[in-house]
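The values are calculated or read from the model by the stated rules, or taken from the named source; none is laboratory data. Since we're looking at a predicted model, the values are computed, not measured. Cβ placement follows ideal geometry from the backbone for every residue including glycine, while neighbour counts extend to all protein chains displayed. All accessible areas refer to the heavy atoms of the entire protein, side chains included, with ligands and DNA or RNA removed. Shrake-Rupley method; radii C 1.70, N 1.55, O 1.52, S 1.80 Å.
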Amino acid sequence: MTLPRHRKLSAFYRRAFGGRVHKVGLRGGFDCPNRDGTISSGGCAFCNPEAALPPDTDPGVTVTRQLERGSARIRRRYGAEMFVAYFQDRTATYGDPAKLERLCLEAIGFPGVVALSLGTRPDCLPEEVLDLLERLAAKTFLEVELGVQTACDATLAAINRGHGSDATRRAFAAMAERGIRTSAHVVLGLPGEGAGEVEATAALLRECGAAGVKLHNLHVLRDTALEPLCRSGALRPPSLEEYASMAVRFLELTSPEAVVQRLVGDAPPDFLVAPDWMRDKQRAVGRIMKLLEERDTWQGRALGCSKEEVCRPVVFAPGPGSP
């Protein structure tokens, strides 16, 4: 039997829930402190929030209706009958906790929803939100996805992120204390970053005990601060070969227990400025997988881990829906 070279999200879900599970992206109508003036009004240099809106999520549509549309689409395409309700617009834990609780309870009450996922920032986890997350984790499988992006404070400042790496450490620690499963969203190839920053970011996630990682390549979207830099030639996103090498190195330095939720970013074609190779995601993922084979390497190898460790069951049970 050929062993996998990284811990795949699909396999993790299948083992946890006994069948095929897919995420349904949801719009909760959240805001972001980096856009509403609390931290900044410009947002992160790479971010266009309109590009991150999931399908089937027109403004004002209820969570239930979004799940009806999204689950039907996924059922037709993939045959899945179990779903993760994924609130992905802007910053899910920013704002009124009562609103968030109401939306989350509506989502987990929908037929077929077996888990809940919330995308947020490390600096948007006040005590009352942590209390709410702890209650939700007792009701269902919950994963909070933190936008870490990089371990490099200079880069975080340059891209107008609005927080430093210490906020990431505090957020992971606060949720670990409450038994909340936490993953990290990172961007490889941010302006000025190279192999050293890739290694530092992987080390930060090991230090924090991230249960999952979602890798994104630096890409440029229209109507962002990076767009004019890219169009002028002052910024060049990594080529596919450069990014594949970064992703492989990151995986080598990632705990074999961490679930790899994504290898390459997504962007709506109408929003994408560069790189053009992102328009063929299967080719991009295939190149990363091929490079792992060419180098005969795997997740955790640089840490002294065997390939077999990528296949071992992950023990983590914060709630009744957890594996």
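If the rule is a partner Cβ under 4.7 Å, which cysteines in the chain fail it?
CYS32, CYS104, CYS124, CYS152, CYS208, CYS230, CYS305, CYS311
Of the lysine pairs in the chain, how many meet both conditions: Cα atoms under 15 Å apart, and a spacing of 8 or more in sequence or different chains? Intermediate values should be presented prior to the final figure.
On the way: LYS8/LYS23; LYS8/LYS214; LYS8/LYS307; LYS23/LYS214; LYS214/LYS281; LYS281/LYS290.
Close lysine pairs found across the chain: 6.
In whole percent, and with a 1.4 Å probe on the protein chains, what portion of the accessible area of the chain is carbon and sulfur?
The nonpolar share, carbon plus sulfur, comes to 49 percent.
Could you give each residue of the stretch 173-178 its phi-based ³J(HN,Hα) in whole Hz, using Karplus coefficients 6.51, -1.76, 1.60 with θ = phi - 60°, and x for Gly or Pro?
With coefficients 6.51, -1.76 and 1.60, one gets 5, 5, 7, 5, 4, 9 Hz.
Given axes a ≥ b ≥ c from the Cα gyration tensor, I'd like to know whether the stretch 1-80 is rounded (a/c under 1.5), prolate (a/b larger than b/c) or oblate.
Oblate, since a/c reaches 1.5 and b/c is not below a/b.
What are the residues whose amide H is under 5 Å from the amide H of ALA184, where those residues sit 5 or more places off or on another chain and H is modelled from the backbone?
Residues meeting the criterion, in which the H sits 1.01 Å from N, are LEU146, GLY212, VAL213, LYS214.
Inverting the mean 1/r over all pairs of different Cα atoms, compute the Kirkwood radius of the chain and quote it in Å.
20.0
Report the FRET efficiency, 1/(1 + (r/R0)^6), for ALA200 and PHE271, where r is their Cβ-Cβ distance and R0 is 22 Å, rounded to 0.05.
Calculated value: 0.15.
Hey, what's the chain come to in accessible area per residue, 1.4 Å probe, Å²? Present the calculation step by step, with values, prior to reporting the outcome.
Numbers: 13750 Å² over 323 residues.
Each residue of the chain exposes 43 Å² on average to a 1.4 Å probe.
Between GLY79, GLY233, GLY28, find the one with the highest GNM mean-square fluctuation for the chain; connect C-alpha pairs within less than 10 Å.
Looking only at GLY79, GLY233, GLY28, the biggest GNM fluctuation is shown by GLY233.
Once phi is turned into θ = phi - 60°, what whole-Hz ³J(HN,Hα) does the Karplus curve with 6.51, -1.76 and 1.60 give for every residue of the stretch 133-141, x standing for Gly and Pro?
My calculation for the stretch 133-141 gives 4, 5, 5, 5, 5, 7, 9, 7, 5 Hz in order.
What distance in nm separates the two pseudo spin-label positions at ASP166 and GLU128, each 7 Å out from Cα along the beta-carbon direction?
2.6
For the chain, what is the calculated [θ] at 222 nm in deg cm²/dmol (nearest 500), taking -39500 (n - 2.57) for each run of four or more DSSP H residues and dividing by its residue count? Please report the intermediate quantities before stating the final value.
Numbers: 10 runs with 117 residues, N = 323.
Result for the chain: -11000 deg cm²/dmol, rounded to the nearest 500.
Using a Förster distance of 51 Å, how high is the FRET efficiency between TYR78 and THR38, based on the Cβ-Cβ distance and rounded to 0.05?
Given R0 = 51 Å and the Cβ-Cβ separation, E is 0.85.
Comparing ASP58, ASP89, ASP223, which has the greatest mean-square fluctuation in the GNM of the chain with Cα pairs linked when under 10 Å apart?
Comparing ASP58, ASP89, ASP223 in the GNM, the peak value goes to ASP58.
Which residues does a label at ARG262 reach in the stretch 271-313, if reach means a backbone N under 17 Å from a point 7 Å past the Cα toward the Cβ?
Answer for the stretch 271-313: 271-286, 288.
How long is the gain from ARG283 to GLU207 if the chain were fully straight, where each residue apart is worth 0.36 nm and the alpha carbon distance is subtracted?
Working: separation 76, 0.36 × 76 = 27.36 nm, distance 3.21 nm.
So the extension gain works out to 24.2 nm.
Would you mind checking which residues have amide H under 5 Å from VAL220's amide H? H placed 1.01 Å from N; only 5 or more apart, or other chain.
Under 5 Å from the amide H of VAL220 lie the amide H atoms of VAL273, ALA274, each far enough along the sequence or on another chain.
Which value in nm describes the separation of the simple spin-label points at GLU293 and ARG14, placed 7 Å from the Cα toward the beta carbon?
1.8
Tell me, how many Å apart are the Cα centres for the stretch 119-146 and for the stretch 220-246?
Their Cα centres are 32 Å away from one another.
Which of LEU263, LEU235, LEU116 moves the most in a Gaussian network model of the chain with Cα springs under 10 Å?
Of LEU263, LEU235, LEU116, the most mobile in the Gaussian network model is LEU235.
Expressed in nm to one decimal, what extension gain is obtained for the pair SER239 and ASP31 from 0.36 nm per residue of sequence separation less their Cα-Cα distance? Could the numbers behind the result be given before it?
Details: separation 208, 0.36 × 208 = 74.88 nm, distance 3.25 nm.
That works out to 71.6 nm of additional length.
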